[in-house]
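**Student:** Would you mind keeping the following structure in view while I ask a few things?
The values are calculated or read from the model by the stated rules, or taken from the named source; none is laboratory data. In this text the structure is predicted, and so the values were computed from the model without any measurement. With ideal geometry, Cβ positions are generated from the backbone for all residues, glycine too; neighbour counts draw on all protein chains shown. The accessibility values were calculated without ligands, DNA or RNA, using every heavy atom of the protein model including side chains. Shrake-Rupley method; radii C 1.70, N 1.55, O 1.52, S 1.80 Å.
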Amino acid sequence: MKSSILNTIANLDKAGKKMVRAGIVIVFLWIGGLKFFTYEADGIVPFVANSPFMSFFYETPSDYKNYTNKEGELIAENHQWHINNNTYGFSNGLGILLIGIAFLVAIHNWAPLASIIGSILVFILTIGTLSFLITTPESWVPHLTDHQFGFPYLSGRGRLVLKDIVILGASLITMSESATLYLKRKG
């Protein structure tokens, strides 16, 4: 009985790889689709505005704190600033990119080489997302009245970003799996 259970568990890697790939596809499709909505575009502003690699997409990234909307809040003056700042243009472009990457990762069985490229893009984007832990002050609990602030106290945004370590590892699995399939078919 014990050996049977352990053998079953030992053979879960194939199902696990399918779930990892499906997870990347679902997350990138869903998050990519949300990038077309105001609240999601507003929510990524601190990350983009503070990033030395992305802030150039915005017109006036350093002013973002004056025009912050909470999730579900729509203040007309702030919304207009975001329109002028290119917040929504950048977010729409990012959404298209994320959906495209999800598609590439999903077509593994039909186009493994394209799927490798998708997984490489997942890896690169995830490194970029993890960099927000360094560049975005809002990733850490601020010093307000509690004595627990800054590193290692992740804020809600920081906890969201930290989870991308799992996606980083998952992209290596999907990349490797697609490369194996490509080489098998080529050889």
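**Student:** Under 10 Å, Cα contacts only: if you run a Gaussian network model on the chain, which one of Phe57, Phe151, Phe28 comes out with the highest mean-square fluctuation?
**Tutor:** Of Phe57, Phe151, Phe28, the Gaussian network model singles out Phe151 as fluctuating most.
**Student:** I'd like the Karplus ³J(HN,Hα) series for the stretch 160-171: coefficients 6.51, -1.76, 1.60, θ = phi - 60°, whole numbers in Hz, and an x wherever there's a Gly or Pro.
**Tutor:** Values, residue by residue: 4, 5, 4, 4, 5, 4, 5, 5, 4, x, 4, 5 Hz.
**Student:** Give the angle, between 0 and 90 degrees and rounded to the nearest 10, that separates the Cα long axis of helix 87-106 from the longest principal axis of the Cα atoms of the chain.
**Tutor:** 0
**Student:** So, with a 1.4 angstrom probe, what is the percent of accessible area on the chain that is carbon and sulfur?
**Tutor:** The nonpolar share, carbon plus sulfur, comes to 68 percent.
**Student:** Given a 1.4 Å probe, how much area per residue of the chain is accessible, in Å²?
**Tutor:** Computed with neighbouring chains in place, this is 61 Å² per residue.
**Student:** Here is a follow-up. Helix-derived [θ] at 222 nm for the chain: sum -39500 (n - 2.57) over DSSP H runs of at least 4, divide by residue count, nearest 500?
**Tutor:** My calculation for the chain gives -21000 deg cm²/dmol from helical runs alone.
**Student:** Note the full-extension length gain between Lys70 and Phe151 as 0.36 nm times their separation in residues minus their Cα-Cα distance, in nm to one decimal.
**Tutor:** Values: separation 81, 0.36 × 81 = 29.16 nm, distance 2.38 nm.
That pair, Lys70 and Phe151, stretches by 26.8 nm at full extension.
**Student:** Here's a follow-up. Rounded to the nearest 0.05, what FRET efficiency is calculated for Phe53 and Arg185 with R0 set to 35 Å and r the Cβ-Cβ distance?
**Tutor:** Result of the calculation: an efficiency of 0.45.
**Student:** Could you report the accessible area of Leu97 in Å², rounded to 10, computed with a 1.4 Å probe on the protein chains as they sit in the structure?
**Tutor:** Roll a 1.4 Å probe over it and Leu97 shows about 80 Å².
**Student:** Translational diffusion coefficient of the chain at 37 °C, 0.692 mPa s, Stokes-Einstein with Kirkwood Rh over Cα pairs, in µm²/s as a whole number. Can you show the working numbers first?
**Tutor:** Working: Rh = 18.4 Å.
The calculation lands on 178 µm²/s.
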